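Before any comments, here is the structure.
The values are calculated or read from the model by the stated rules, or taken from the named source; none is laboratory data. No experiment lies behind these values; they were computed from the predicted model shown. So basically every Cβ, Gly included, is an ideal-geometry build from the backbone, and we count neighbours across all protein chains shown. Each accessible area value is taken on the protein alone, full model and side chains, heavy atoms only, with ligands, DNA and RNA left out. Shrake-Rupley method; radii C 1.70, N 1.55, O 1.52, S 1.80 Å.
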Amino acid sequence: MENTAPVSVSLIRQMMWRNLGASHPMDAHRVDSRAIQARGRSRDAAEGVSAFLEKRAPIYPDQVSTDLPDIWPDWSPPKFS
């Protein structure tokens, strides 16, 4: 996974797993649309374009621990006790 933004990879993996149980394809579409909008405005997106234009490897600034967008407003993680 060289030259990939860690936040985008993490988000895609979450989308694949969480959407397996979607009750309708439109639910997955809504999540995908929110993800595209959020990641398109990210610092990673700007870095990816700059790196491409400058013909260099990207250095993505966003971190999974702090910059993962909340695209599932109604979803809450399971609670473990």
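If ILE71 meets every condition in (1) touching a Lys or Arg at 6+ places or on another chain (Cβ under 6 Å); (2) modelled with pLDDT of 90 or more apart from one, which number is that one?
Unmet condition: (2).
Out of SER76, SER81, which single residue is modelled with pLDDT under 90, open to solvent by 90 Å² or more (accessible area, probe 1.4 Å), of a type in the set (Gly, Ala, Ser) and not in a helix (DSSP H, G or I)?
SER81
Quickly run through the stretch 40-51 and pick out the residues that are under 12 Å from the mean Cα position of the chain (by Cα) and open to solvent by less than 30 Å² (accessible area, probe 1.4 Å).
Correct list: SER42, ASP44.
If you take the residues in the stretch 19-34 that are of a type in the set (Gly, Ala, Ser) and modelled with pLDDT under 90, which one is surrounded by the most Cβ atoms within 10 Å (Cβ to Cβ)?
ALA28
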